[in-house]
1. If amide H atoms are built 1.01 Å from N in the plane of the peptide, which residues on other chains or at least 5 residues away come under 5 Å of the amide H of C:M11?
2. Would you please give the FRET efficiency between C:I80 and B:R31, computed as 1/(1 + (r/R0)^6) with r the Cβ-Cβ distance and R0 = 51 Å, to the nearest 0.05?
3. Which of A:T131, A:T155, A:T143 ends up with the largest GNM mean-square fluctuation for chain A, with Cα atoms connected below 10 Å?
4. Using a 1.4 Å probe, what is the accessible area per residue for the stretch C:81-163, in Å²?
5. Quick one: 3J(HN,Hα) in Hz for the stretch D:61-69, Karplus 6.51/-1.76/1.60 with θ = phi - 60°, rounded, Gly and Pro as x.
6. Along the charge dipole of the stretch A:1-149, pointing to its positive end and built from +1/-1 on Cβ of Lys, Arg, Asp and Glu, which listed residue (A:G54, A:P43, A:N20) has its Cα farthest out?
7. Any idea of the accessible area per residue across the stretch A:1-41, 1.4 Å probe, to the nearest Å²?
8. Which far-off residues, 5 or more places away or on another chain, put their amide H under 5 Å from the one on D:V75, with H placed in the peptide plane?
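The values are calculated or read from the model by the stated rules, or taken from the named source; none is laboratory data. If you're wondering where the values come from, they're calculated on a predicted model, not measured in any experiment. We place every Cβ from the backbone using ideal geometry, glycine too, and count neighbours over all the protein chains shown. Each accessible area value is taken on the protein alone, full model and side chains, heavy atoms only, with ligands, DNA and RNA left out. Shrake-Rupley method; radii C 1.70, N 1.55, O 1.52, S 1.80 Å.
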There are 4 protein chains.
Amino acid sequence: MTAPRSALLVMDFQHEIVANHDATMAITNTRRVLDAARQAGIPVAYVVVGFRPGYPEVSANNKSFSAIRSTGRLVNPSVIDELAPIEGEPVIIKHRVGALYGTDLPVVLSAFDANHLVLTGISTSGVILSTTRMAADMDFAVTILADCVGDSDPTVHDFLLTKILPRQAEISDSDSFIGALA
Amino acid sequence: MTAPRSALLVMDFQHEIVANHDATMAITNTRRVLDAARQAGIPVAYVVVGFRPGYPEVSANNKSFSAIRSTGRLVNPSVIDELAPIEGEPVIIKHRVGALYGTDLPVVLSAFDANHLVLTGISTSGVILSTTRMAADMDFAVTILADCVGDSDPTVHDFLLTKILPRQAEISDSDSFIGALA
Amino acid sequence: MTAPRSALLVMDFQHEIVANHDATMAITNTRRVLDAARQAGIPVAYVVVGFRPGYPEVSANNKSFSAIRSTGRLVNPSVIDELAPIEGEPVIIKHRVGALYGTDLPVVLSAFDANHLVLTGISTSGVILSTTRMAADMDFAVTILADCVGDSDPTVHDFLLTKILPRQAEISDSDSFIGALA
Amino acid sequence: MTAPRSALLVMDFQHEIVANHDATMAITNTRRVLDAARQAGIPVAYVVVGFRPGYPEVSANNKSFSAIRSTGRLVNPSVIDELAPIEGEPVIIKHRVGALYGTDLPVVLSAFDANHLVLTGISTSGVILSTTRMAADMDFAVTILADCVGDSDPTVHDFLLTKILPRQAEISDSDSFIGALA
């Protein structure tokens, strides 16, 4: 393997989504990971799911999203204060489940010259799963920090982290990540 | 939703992969689905995972595939005889897990003018999962024929079909698909 | 060909770029085209080239853009008042020359269910050329409204519109477009 | 810029296309470039335009290609003998004008870990132009060897190489390329 050039992705930690999850632990751990990454000079990118007013990005053909139009949800989303981006850290807006399709994240990762993605965020069965499946096929090395991700269904969270995600990603945690940077 | 323009995808039913799975039922059911689709004029595309001799497609950075170089596996793959393509049905060669990344499948689906994908193949946790995650984000309607897919781990198969895949796909089966065409 | 489902793209008509071009005619004609498209219910998407403060999207490896970091140019761009978007019309921010790579334009066009792109904008040798080359390969039918595009070099403009762009696009103009809608 | 990791692309030097062009010079020069690249350990990938029998890849919506179905042209293409690939060099089959859309070239380039593309092939206004426009947006550094590319219209060739392509690519030639490797 080529030497890793890491980027930290902080995904879907936005008000409307955090409100629906028990994300306290994941937020606390991601907070520490963010501090360590910034200190070590690892570039950080945020991802949120969001739409312009009127949802011009939503296809009637899309099973997951076609119903959102009538809800008013996820318009102009913002990252929660505990994990707020600092100057120079881009917030990528996605309109689907995965972070790499239909966004400028590939462009940002190319500008970072990154070949290794460190994933945090909610939920495990949403943005983490889709982003891992596509990132791995794109030849990114992927590390998932297990205590920085969460899911509204703990059974799903455990299953994916033990049976599915390890096939394409290293499963690590916040302490290991921070320790390796020290 | 716009009117569905379906395409049937028959994925990874190739000698080396079938040999590692108990795929008898999935093959039998897919055989019947293929016949019905052809009769109804639904376009069919095959997908196999494969590499040129020397594996020029394999990145040292890819966790799933970097070890394959030393095995000689999956070079110039072919579909099993029971499900052999007929004249005019393309066989798409993929080099990663998902069928839509780094292949000409998007071009073929565009030529088909398809907006709805009917998925069959092995394995549930491999090509079915990755292809569903990406296809849904690309606004394809997705139907998975549950008795035409399989996995070496039945627990994984069941879990994905009940807890994960229904979020982005309709879960159906061969009889329902064939019945709807009649 | 399938029946055209058109979308109008209004590209790079932003303050900093218009200031460097003699775009008066193109703006006047695009103004009329916009009115007609809105009246006819043809969906409209805007494209601008732009960057977040600090240029996190700019690769040191990119010949066209690597020098921009030191200029402060193109940060948080906006469309000129004469062609301002109305409620519900998305403004897509791109970070490269073409409008379809590394943006959410493919997602928006999918939501529009568009298969035919009508192009206006500046410059002919920039966004128009790159977007046409990629859109055609993606199987979009492409129409370029010749009097709604412009280039700082009139020789380049004429050459591309007569020798290069017609291979992949219909070359039309504002009157023909408006007339066909009436 | 990061240190260049080059790959040589040899594009559309296939029997049916060479027959329609005066490509003698380009072939002779590319022959020398190929020898030098192989000697220096620079990875080589070939690109040809081609289709399966029946043209399942061709959309009725595509202006450039929709007429090809009735011609029987470009089915199962092969590289001319003078520039034949050697063992281990992949031949990528494309179905559109550009080499990077709807092909496995991005996967091969990722496996090569390439960030710099050296382009040869015919024609200047076809595969060279489309591939340069997209490769540059993807942050590949691009070098075009001017005496290794050609076009059926010399005016178009000259215009593109002097007015359009230099914006996103270095324009070099076979002697400079070979000299720099020595």
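1. For C:M11, the qualifying residues are C:V47, C:T120, C:G121, C:I122.
2. Numbers: r = 61 Å, r/R0 = 1.19.
In this case the efficiency is close to 0.25.
3. Looking only at A:T131, A:T155, A:T143, the largest GNM fluctuation is found for A:T155.
4. Numbers: 2200 Å² over 83 residues.
So the stretch C:81-163 comes to 27 Å² accessible per residue, rounded to a whole number.
5. 8, 9, 4, 5, 10, 4, 7, 6, 3
6. So the residue furthest toward the plus end is A:G54.
7. Details: 2000 Å² over 41 residues.
Value for the stretch A:1-41: 49 Å² per residue.
8. The answer is D:F51.
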